[in-house]
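The structure appears right after this line, and notes come after that.
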Amino acid sequence: MKLLLIYCDKFGYKPTTKTVEEAVENNQPAQFENIQTAFIQVEQEDVEREKDVETKLVKNLKWVCGKNQVKQLVLHSFAHLSNSKADPEFTKLFFDKVEARMKNAGYEVFQTPFGYFLDLQIDAPGFSLARVFKDI
């Protein structure tokens with residue numbers, strides 16, 4: 001799994017092109033302020049070690065949210081960090097499990113529309129933990 005974490009003063013998206021035929025129809029844009037974003041690439045090898053990867057991801061998300069003093073989080077499937085990709089069905093279920101775990105821990109969690117290219121608006125400040133990359 002590859003993970004790019006970006007703290008944003010402002011983050012917004014607008015769905016543009018559907019890329020996964022089975023994806024739920026969604027053309028609704030969204031805007032957030034003072035939010036942690038997680039650009040996540042679930043890789044094929046993560047399928048075999050799902051529980052371990054899920055636990056490590058949740059720990060990393062909690063850690064970075066704590067460091068950036070936020071309780072809001074956006075999960076974004078970002079299949080551009082590696083050549084290895086898990087299939088879309090596995091990835092979407094994985095995201096749903098991570099969202100549930102983070103919500104159970106007291107976070108407000110959002111997912112960008114899965115299976116879409118999005119126009120993104122990112123306003124990210126330049127301090128040390130505003131951008132973090134992890135290879136889980």
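Structure above, values below:
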| quantity | calculated |
| --- | --- |
| Residue-span extension gain [residue 89 to residue 24] - 0.36 nm each, minus C-alpha spacing | 22.2 nm |
| Most to least packed among 48-55, 124-131 [average Cβ atoms within 10 Å] | 48-55, 124-131 |
| Residue order, fewest to most beta carbons within 10 Å, for 43, 21 | 21, 43 |
| Environment charge at residue 12 (Cβ cut-off 10 Å; Lys +1, Arg +1, Asp -1, Glu -1) | -1 |
| Segment residue 16-residue 110, extension gain: residue separation times 0.36 nm, minus the distance between their alpha carbons | 32.0 nm |
| Potential extension, residue 96-residue 34 segment - 0.36 nm per residue separation minus Cα distance | 20.1 nm |
| Within straight-line cross-link reach of residue 85, lysines at Cα separation under 25 Å, skipping those fewer than 8 residues along the same chain | 2, 14, 18, 51, 56, 59, 62, 97, 134 |
| Relative contact order (%) - the range 2-135, alpha-carbon pairs under 8 angstrom, separation at least six | 43 percent |
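Read-outs throughout are calculated quantities, based only on the coordinates presented, and are distinct from any laboratory measurement. Keep in mind that what you see is a predicted model, and the values were worked out from it rather than measured. Ideal geometry is used to build each Cβ from the backbone, glycine not excepted, and the neighbour counts take in all protein chains shown.
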